[in-house]
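Enquirer: Quick one: the structure is below, and I'll ask about it shortly.
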Amino acid sequence: MPMHAIPLRHALLQWRTLAVLLGFALLVALLSVDRVHAWLAALLATAEPVIAAYPVWGAVAFVLVSALSAMLAFLSSALLVPVAVYSWGTTTTVLLLWLGWWLGGACAFAIGRLLRRPLVHSVRTQRLVTLYVDRVPRNARFPLVFVLQLALPSEVPGYLCGLLGVRFSTYAPALMLAELPYAIGTVMVGQGLIERQAGMLMAVIAAGLALSLGAVWLLRRWVKR
């Protein structure tokens, strides 16, 4: 299929809409069913002494899983966030998650630069890389790389920028800045699940969706030029 025939709207928005709907359904279930929330509380209480006994290795493991989740579409560190928040608090969890995602993005960039392909092939990753590899300039500046990082799934921009030969000095700060609001939002969602704060959960998810869709809209305008 020629690149111009790939529907940009379908490629970027369908997966995001589905993920948000499923996320809302899961959060509503967790908040509304007492038995589910009690199970979550028991799980957190069980995990806390394990992390307390191995604080350094627990932090290292969390960072590594977060890094892998930024490189692999089928792996997510979000499920571990409530445990991390319960054990370390919000500030430490944000920093560890942010560090892990940055390391994962940096590794994806290196793999794209050296291997010229993603670490693991998936239909979504391959489709988006194919879509943008001829639309993003090799000398892309910070604003475009920043919007790419905000708009695309986390495993795509690193591979794409590495493949295109974007300067790491441009990619690294864009990655760091773009991942920060998502790290903060993810931790706030974890905190909201623990404390059953439905209002905060809805506000955070709405803000994250608005940021993401705004970046998609801006990216579409730039690549059309």
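Enquirer: Inspect all residues belonging to the stretch 189-209 and state whether any of them is modelled with pLDDT of 85 or more and crowded, with 16+ Cβ neighbours inside 10 Å.
Expert: No, there is no match, as no residue in the stretch 189-209 is modelled with pLDDT of 85 or more and crowded, with 16+ Cβ neighbours inside 10 Å.
Enquirer: Restrict the check to the stretch 175-183 and report whether at least one residue is farther than 19 Å from Val129 by Cα, part of a helix (DSSP H, G or I), without any contact (Cβ under 8 Å) to a residue 24 or more places away in the chain and of a type in the set (Gly, Ala, Ser).
Expert: No; the residues of the stretch 175-183 include none that is farther than 19 Å from Val129 by Cα, part of a helix (DSSP H, G or I), without any contact (Cβ under 8 Å) to a residue 24 or more places away in the chain and of a type in the set (Gly, Ala, Ser).
Enquirer: Only residues that are under 18 Å from Ser69 (Cβ atoms) and assigned to a loop (DSSP other than H, G, I, E, B): list them for the stretch 125-157, please.
Expert: Leu152, Pro153, Ser154
Enquirer: Is there a residue in the stretch 158-177 that is of a type in the set (S, T, N, Q), closer than 23 Å to Val65 by Cα and surrounded by fewer than 22 Cβ atoms within 10 Å (Cβ to Cβ)?
Expert: no
Enquirer: Tell me whether the stretch 107-124 contains one or more residues that are without any contact (Cβ under 8 Å) to a residue 40 or more places away in the chain and either part of a loop (DSSP other than H, G, I, E, B) or crowded, with 21+ Cβ neighbours inside 10 Å (or both).
Expert: yes
The values are calculated or read from the model by the stated rules, or taken from the named source; none is laboratory data. The shown structure was predicted, so the numbers you read here are calculated from the model rather than taken from an experiment. When we count neighbours, we look across all protein chains shown, and the Cβ atoms used for this are built from the backbone with ideal geometry, even at glycine.
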